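Structure first, then comments.
Derivation of every value follows stated rules applied to the coordinates shown; laboratory data play no part. Just so it is clear, the model here is predicted, and its values are computed rather than measured. Backbone-built Cβ (ideal geometry, glycine too); neighbour counts: all protein chains shown.
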Amino acid sequence: MVLGYYQEIRSNVLYQSELTYGKIYLILNKLEVNVDEPKYGTPEWDSYVAGIREILESEVGEVWDTSDLQSDFTVESFLAPMVFVTRKADDQRGIMLFQHSPRFYHSFTPRS
């Protein structure tokens with residue numbers, strides 16, 4: 001069941017939202033490989049997170065951190081790099097993509 005839905009997401013959702021695995025890899029590569037991550041909890045960390053969020057927003061649009069996600073969505077399950085959610089405003093089920101560090105969620109796509 002989950003693997004079938006994963007294939008559906010892979011073939012439809014990512015491409016419909018104009019995100020391909022290559023583009024996601026490039027985004028993650030730019031964010032995680034080419035930038036040295038500072039120590040968590042330092043002023044440098046806060047600046048780093050703000051910069052990463054800005055880059056990600058310019059690439060994919062709206063971005064949620066964990067507290068934003070909890071305010072707007074109910075998380076059903078994870079299957080990295082995706083999270084299955086229900087939007088609280090209208091009970092619309094869908095998926096989002098996420099990155100690990102710093103943890104940001106993006107590209108909400110309603111499930112049809």
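Assorted remarks:
- Looking at T66, T74, just one residue is under 13 Å from the mean Cα position of the chain (by Cα), hydroxyl-bearing (S, T, Y) and exposed (fewer than 15 other Cβ atoms within 10 Å of the Cβ), and that residue is T66.
- Matching residues in the range 81-99 - criterion: being of a type outside the set (A, V, I, L, M) and touching a residue at least 24 places away in the same chain (Cβ under 8 Å): P81, Q99
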